[in-house]
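Readers should treat all values here as calculations from the given coordinates under stated rules, not as data from a laboratory. No experiment lies behind these values; they were computed from the predicted model shown. In this analysis, Cβ positions are derived from the backbone assuming ideal geometry, glycine residues included, and neighbour counts consider all displayed protein chains.
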């Protein structure tokens, strides 16, 4: 029997630093109508948003917790503050951002990435955005990239009203109802017809406050023939109490448009990450999801693509890495409603140190989706027998004129491959890290270089300590 | 009553976590059938069947169902060390019968369960099997052929729980859906902690022949053991262009090609029936409905 040595402490100081909760406005913990109305007042909501919040709260109180997936019994809303705002105005210049907040994002490399490789950046700290800016040449193309609150008071207010929480409805599940009641922050993006944004936009979400929730709403509309790559990053310092992230992402991809939505999620390991993401794709349009899930205590995350128009496409490429104390329940959903649509899902998961990874998916091919295709592939790697890895893919096929394939594999790192690399001078840990990085290359090769490097660093951090 | 429950639940809205039926599970006749041979079950003879395979013993049992209306059968199998059981269950019921068929098996060290189910579209079928691979090097093979036609439902749930070391499981379902047939296929390979060296595979091929069919599939792999290999694969759809071209080039049209492929699913398993009379009768019945 092989013996394994585990080095328990992993240096996560890159993400784990925290600031004192000073100069902040913080609502009391819990979820009541009074709190929801205070948020609405604080944000000076239009009437329809206030009404949406109250209706969502009513639904939240009616809906139950899911009877599948990781247990949420320890998540107590009475100990979560749903709104924490730094006493600072939204800035479009980093020099106008409070020093400790600016310092936080500099440590995370956001201003540097903005200068080097991004067309625009939004940075949210707890419940509100503190920085939002976009390059002038991109703005000149008519691209709108702003915080949702500003969009609600701009010429795009009607567009926001027409789309917001229409794809993700508060009645869909308890946590979308929660989001509808207390949402704050997030981004609004509109890419006009035919405009191709050559370099990505990025929003970064930092949850600093202890025992708080973050509920940002991202709404992206990519009009006919347009093209956008949007990157979402998130992290938080670790506390010994639960923090909560319940963001929502609604994506509208127009006729022959393309949207790539990339996420590197690295929440701290005390966070409940109960995020919802959904895309509606018109004729000839394409949504590409690239997702790396490394953080959080518990995650429920299944980005959904609704292929509404003829020839619409989706590609989902994802990786999850669960370590000690983590239960990451992730995957994707696809609903193909029109002829000649296609979906491809390719996922990898790695479980280590007692971590639990679940790949959960759903593919529905409707009656009208003739000549459509779907291919789902998932691979899972178990690095020890303390961990758990489950694969739960479901399919509902309602036309004979579709070609549906699914395959999955689970296994361990090949002893032969480790032996081969060790015979060439690598230590066992280096060999395993190299193999796991290679295992994850379906995601890394889809990311811009800087993010691929970040993801490989995360893999290296998580692999540190498994010496067989 | 809820049956065919998934060992781990998933999204409720897709309706695959279990199936709810209105039947009374309390009126079963106990039958001990620990011998080679044919057990005919017909009419309303709901049965709890027990099959014990002794150490080093090999048994071959055919359970032949010929019911009209409803038939509910629970089969408990215990296979002792180094025992072998080939269990063939055939639905030869009258048109429109509803069959509820559940198998639970305990498989000891070096023992082997070979379960074959032949379901040629007689009526609604709710069938499932749970194999506990308790012994080291125990094996189970679950091989199913089904036809779902008219407005029939075929609802399946197969589970292999790997507990012993170096255990093997293989689950395979080949089927055809036509008319307004509805089928759900659930399969689970569950690698429990301690089942080091085990391997499991589950595969499904579903041929869809009509616009009114509904196909549900959910093949699970659950794992809490590092040293295992698990795989699943499925292919769902109509005959590929290449297959049709192959048949066309030999003068066989699409409709005939579909019949040949459908029959192939069954004939592979029908050949396993050792009783000449039942084998020929099953073959005739399959050809009739195809």
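Given contacts defined as C-alpha pairs under 8 Å and at least six residues apart, what's the relative contact order of the stretch B:2-240, whole-number percent? Value for the stretch B:2-240: 12 percent.
In plain terms, if you count all Cα to Cα distances in the stretch A:174-238 and split them into 5 Å steps from zero, the share in each step is 4, 14, 21, 19, 16, 13, 9, 4, 1 percent. Out of every Cα-Cα pair that the stretch B:76-144 contains, those further apart than 13 angstrom amount to 62 percent. The mean sequence distance of close C-alpha pairs (under 8 Å, at least 6 residues apart), as a share of the length of chain A, puts its relative contact order at 11 percent.
Extension gain for residue A:95-residue A:241 works out to 49.3 nm (0.36 nm per residue, less the C-alpha to C-alpha distance).
Rounded, prolate or oblate for the stretch B:1-135? Axes are the square roots of the Cα gyration tensor eigenvalues, ordered a ≥ b ≥ c, and the cut-off for rounded is a/c under 1.5. Because a/c hits 1.5 or more and a/b fails to exceed b/c, the stretch B:1-135 counts as oblate. Our Cα-only numbers for chain B put the radius of gyration and Dmax at 18.6, 56 Å.
For peptide A:375-386, the mean count of partner chain Cβ atoms within 10 Å of a residue's Cβ comes to 3. Over chain A, DSSP H runs of length four or greater, each weighted -39,500 (n - 2.57), average out per residue to a 222 nm ellipticity of -6500 deg cm²/dmol. A Stokes-Einstein calculation at 4 °C with viscosity 1.567 mPa s, built on the Kirkwood radius of the stretch A:239-328 over Cα pairs, returns a diffusion coefficient of 93 µm²/s. At q = 0.09 Å⁻¹, what base-10 log of I(q)/I(0) does the Debye formula yield for chain A when every alpha carbon is treated as an equal point scatterer in vacuo? Values, matching the q order: -0.58. Measuring between their Cα centroids, the stretch B:109-154 and the stretch A:274-352 lie 33 Å from each other. Working from label points 7 Å from Cα in the Cα-to-Cβ sense, the residue A:193 to residue A:112 distance is 4.3 nm. Using 13 Å as the cut-off for backbone N distance, which residues of the stretch B:122-162 belong to the label zone defined by a point 7 Å from the Cα of residue B:5 along Cα→Cβ? No residue passes the distance filter. Neighbour counts of C-beta atoms inside 10 Å place B:186, B:137, A:85 in the sequence B:137, A:85, B:186, starting with the fewest.
All Cα-Cα separations within the stretch B:132-214 were binned at 5 Å from zero, giving a P(r) of 4, 16, 23, 15, 13, 10, 8, 7, 4, 0, each value a whole percent of the pairs.
Our note on the geometry: Cα centres of the stretch B:251-272 and the stretch B:200-221, 18 Å apart. Across the stretch A:414-468, Cα-Cα pairs more than 16 Å apart make up 42 percent of the total. The calculated FRET efficiency for the pair residue A:79 and residue B:14, based on their C-beta separation and a Förster distance of 45 Å, comes to about 0.85.
The residues B:151, A:82, when put in order of fewest to most other Cβ atoms within 10 Å, stand as B:151, A:82. As a proxy for reagent exposure, B:201, B:211 were ordered by neighbouring Cβ count within 10 angstrom, fewest first; the result is B:211, B:201. Annotation: for a label point projected 7 angstrom from Cα along Cα→Cβ of residue B:288, residues of the stretch B:12-44 with backbone N closer than 20 Å are B:39-44. A crude spin-label estimate for the pair residue A:141 and residue A:32, with each label 7 Å from Cα along the Cβ direction, gives 4.9 nm. Using the Cβ-Cβ distance between residue A:416 and residue A:47 with R0 = 51 Å, the FRET efficiency computed as 1/(1 + (r/R0)^6) comes to roughly 0.15. Here the stretch A:334-446 is described by how far its Cα atoms reach on the three principal axes: 56, 27, 21 Å, from widest to narrowest. Our analysis of the stretch B:184-290 gives Rg over Rh at 1.09, with the two radii drawn from alpha carbon positions and Rh computed by the Kirkwood formula.
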